[in-house]
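Here is the structure we will look at.
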Amino acid sequence: MVKVLTVATRGGRLAIAQTEIVTPALQKIYPDLQIEIKKIATKGDHDRRTALWNLKTSGFFTSKVEDALLAGQADFAVHSFKDLPTRQRDELSIAAVCERQYAEDCLIAAAPVNSIEQLRQSAKIGTSSLRRAAQIKRLRADLEVLPIRGNVQTRIKRLDEGKFDAIILARAGIERLGLAGRISLCFDPTQFIPAPAQGALAVQTRTDDVPTSQLIAAIDDQQARTITFAERRVLATMQCGCHAPAGAFAKITGARLEICAFISDLEGKNFIRREVTGPAAEADKLAEQIAKDLLNAGGKGMVM
């Protein structure tokens with residue numbers, strides 16, 4: 001019998017492209033499954049002027065989608081996992097974390113460059129992230145970091161119009177939009193540390209909707225779940241929210257998990273970085289350990 005489900009997502013090109021990664025994966029397992037897309041406009045879609053580091057609330061890109069799910073307007077939702085607040089609503093669950101690709105950040109420059117050093121003196125760098133701003137300033141203090149808002153295409157257009165010398169974006173979004181040819185360089189995620197869960201897609205369901213949750217769980221990638229939940233635990237343990245200059249990146253090799261994380265002041269001058277390695281089965285313990293190490297090393301004074 002044909003089963004019909006509705007998925008809630010933001011309406012932008014990237015959000016739809018990400019949803020269209022999830023739906024075929026489900027339909028490959030359930031050939032009779034039909035999925036209808038419900039587009040939701042979020043606060044982040046309406047307000048494209050306020051710099052993200054000036055926002056006072058979390059869930060800027062996700063709360064309206066979650067509201068639609070809770071209201072029964074959809075059966076599940078697809079999110080960029082990095083956009084979800086680390087504190088989840090009790091009524092909602094992450095039924096699946098899809099296989100993670102391209103966790104790193106990338107730089108798109110107006111002129112050909114192969115390294116940060118090749119950017120001109122006092123070049124204007126566009127980013128909406130305090131995390132990226134602190135790390136780029138740490139690499140080159142002379143660079144002028146300016147806020148930039150809008151979708152990926154809008155940001156690239158502003159770069160092409162000469163308003164910036166370069167912009168920094170998540171590589172995953174560029175790849176999913178078929179714009180990889182615009183990338184000037186990709187950062188090593190162990191050195192230029194990404195946002196927790198960057199590059200991963202989270203599929204969210206209502207906690208009490210067991211049949212749908214079980215259906216969605218068929219596309220869950222256990223390794224992606226382990227590393228992204230560990231990264232998010234680092235941020236949650238530090239209690240610095242989504243607006244502090246902080247990041248975490250985890251990877252699994254064999255049965256071992258390695259986490260690197262940082263917290264910094266806004267200028268990247270007081271930059272505290274730590275690494276920890278241990279059994280992947282103890283991911284939560286390792287995440288809490290590295291978070292506490294960062295706080296004890298001076299991070300407490302930088303928590304915002």
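Read the figures in this text as sums done on the coordinates, not as results from a lab. This one's a predicted model, so the numbers in the text were calculated from it and none came from an experiment. FYI the Cβ positions are ideal-geometry reconstructions off the backbone, even for glycines, and counts take in every protein chain you see.
Per the Kirkwood treatment, what hydrodynamic radius in Å, one decimal, follows for the stretch 234-302 from the mean inverse distance over all distinct Cα pairs?
Working: mean 1/r = 0.0828 Å⁻¹.
In the stretch 234-302 this quantity evaluates to 12.1 Å.
Go through (1) 103, 45, 34; (2) 74, 48, 37; (3) 64, 45, 36 and flag the label whose value is the computed Cα extents along the principal axes in Å for this structure.
(3)
Output ³J(HN,Hα) for the stretch 260-266: one whole-Hz value per residue in order, computed from phi by the Karplus curve 6.51 cos²θ - 1.76 cosθ + 1.60 with θ = phi - 60°, and x for Gly and Pro.
Couplings: 10, 8, 8, 9, 8, 7, 5 Hz.
Using Cβ contacts closer than 10 Å as the measure, can you line up L69, L295, L139 from fewest to most?
Placing the least packed residue first, the sequence is L139, L295, L69.
Which value, in debye to the nearest 20, gives the size of the charge dipole of the chain about its Cα centre, when Lys and Arg are +1 and Asp and Glu are -1 at the Cβ?
On the way: 42 positive and 35 negative charges, 177 e Å.
Charge dipole, the chain, about its Cα centre: 840 debye, nearest 20.
Please rank D105, D142, D293, D83, fewest neighbouring Cβ atoms within 10 Å first, as an exposure proxy.
D142, D293, D83, D105
Could you work out how far apart the two model spin labels at A255 and Y30 are, taking each label as a point 7 Å from the Cα in the direction of the beta carbon, and quote it in nm?
3.5
Please list 3J(HN,Hα) in residue order for the stretch 177-183, calculated via the Karplus relation 6.51 cos²θ - 1.76 cosθ + 1.60 where θ = phi - 60°; whole Hz, with x for glycine and proline.
The phi angles translate into 8, x, 10, 4, x, 7, 6 Hz.
When Lys and Arg each count +1 and Asp and Glu each count -1, what net charge do the other residues less than 11 Å away from V4, Cβ to Cβ, add up to?
-2
Quickly work out the A17-to-I37 label distance, labels modelled 7 Å from Cα along the C-beta direction, and quote it in nm with one decimal.
1.2
Helices from the chain with mean Kyte-Doolittle at least -1.0 and a Cα length along the axis of 18 Å or more, per DSSP H: which?
Membrane-span-like by this rule: 13-29, 222-238, 283-296.
Report, by chain and number, residues whose modeled amide H sits under 5 Å from the one on L201, excluding near sequence neighbours (fewer than 5 apart, same chain).
Under 5 Å from the amide H of L201 lie the amide H atoms of F81, C98, each far enough along the sequence or on another chain.
Suppose each label sits 7 Å from its Cα in the direction of the beta carbon; what would the L185-D221 distance come out to in nanometres?
Result for the modelled spin labels: 2.7 nm.
Going down the list K137/K300; K124/K292; K28/K251; K28/K157, which pairs span over 26 Å between their C-alpha atoms?
K124/K292; K28/K251; K28/K157
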